[in-house]
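A.B. asks: Once you've had a glance at the structure underneath, I'll fire off some questions.
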Amino acid sequence: MYYGNRAYEDALIELTDLISELGFKPIAGGAFIAEHSFSSPEVPIAAGRPDGSDLKKAREFGSKIREKLLTARNKEDLPSIAVNGNRPYRDEFRISRAAKPGTEPPAPITKEETCTKCGKCAEVCPNAAITIGSTVETQKQACIRCYACIKNCPTGARVMTHPFFVKEAKWLHDTFPDRKEPETFL
């Protein structure tokens with residue numbers, strides 16, 4: 001799992017629970033840092049991550065998992081892992097504060113004067129919330145604010161101008177400037 005240098009809260013414990021519910025036995029887990037989706041040149045948040053040091057740690061982690069698997073006589077010998085997190089999972093998302101009840105949810109917009117209609121934003125949108133026509137349209141209800149469209153726009157035409165997200169990105173940049181290191185569980 002990758003996260004953006006702030007915290008991963010209950011994500012690992014939820015993933016291990018999901019894996020267990022599907023009949024698998026979680027034997028390793030890791031939280032690695034990636035550039036935060038809100039990161040920009042103006043407010044970098046874990047910019048350039050994962051980097052060479054992170055990738056080296058990931059390879060070492062993979063080697064330890066392989067060793068764990070090779071030394072077990074059978075799957076019953078493999079101990080399950082304990083990861084960080086809480087049950088019940090935290091049910092609150094800070095993002096929910098971005099839109100007032102009865103208002104449209106925030107979503108990235110397109111600076112039409114800069115947009116070439118290349119379609120890259122629509123291609124990378126995990127929810128197919130973007131359509132390209134004479135203008136670029138975003139279905140705001142479907143947008144999960146992952147910023148994939150912003151990160152992948154070759155002309156910088158996709159931007160988030162909603163004040164909540166501008167403020168949130170600055171807060172993340174200012175509050176979590178120190179480099180976090182990957183956490184692994186075996």
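A.B. asks: Tell me, which residue of the stretch 162-186 that is of a type outside the set (A, V, I, L, M, F, W, C) and loosely packed, with under 14 Cβ neighbours inside 10 Å is farthest from residue 28 (Cα to Cα)?
C.D. replies: Per the stated criteria, the residue is 163.
A.B. asks: Something else about it: So if I check each of 49, 66, which one is among the basic types (Lys, Arg) and touching a Lys or Arg at 6+ places or on another chain (Cβ under 9 Å)?
C.D. replies: 49
A.B. asks: I would also like to ask the following. How many residues are touching a strand residue (DSSP E or B) at 6+ places or on another chain (Cβ under 6 Å) and closer than 25 Å to residue 4 by Cβ when one looks only at the stretch 130-145?
C.D. replies: 2
A.B. asks: Within the stretch 141-161, can you find the residues that are part of a loop (DSSP other than H, G, I, E, B), buried (at least 17 other Cβ atoms within 10 Å of the Cβ) and not basic (Lys, Arg)?
C.D. replies: Residues satisfying the conditions are 143, 147, 153, 157, 160.
A.B. asks: Let me ask another. Of all residues being outside any loop (DSSP other than H, G, I, E, B) and either among the hydroxyl-bearing types (Ser, Thr, Tyr) or modelled with pLDDT under 95 (or both) in the stretch 174-186, which is farthest from residue 67 (Cα to Cα)? Just the residue, please.
C.D. replies: Filtering the stretch 174-186 for residues that are outside any loop (DSSP other than H, G, I, E, B) and either among the hydroxyl-bearing types (Ser, Thr, Tyr) or modelled with pLDDT under 95 (or both), the one farthest from residue 67 (Cα to Cα) comes out as 175.
A.B. asks: Hey, can you tell me all the residues within the stretch 165-186 that are more than 16 Å from residue 42 (Cα to Cα) and over 18 Å from the mean Cα position of the chain (by Cα)?
C.D. replies: Initial filter on the stretch 165-186 (more than 16 Å from residue 42 (Cα to Cα)): 178-186.
Selection gives 178, 185, 186.
A.B. asks: Return the residue satisfying two criteria in turn: it lies in the stretch 1-42 and is in contact with a strand residue (DSSP E or B) (Cβ under 6 Å, 6 or more places away or on another chain) and of a type in the set (A, V, I, L, M, F, W, C), and of such residues it is surrounded by the fewest Cβ atoms within 10 Å (Cβ to Cβ).
C.D. replies: This residue is 1.
The values are calculated or read from the model by the stated rules, or taken from the named source; none is laboratory data. Nothing here was measured: the structure is a model prediction, and the numbers come from that model. Here Cβ is always computed from backbone atoms with ideal geometry, including for glycine, and neighbour counts include all displayed protein chains.
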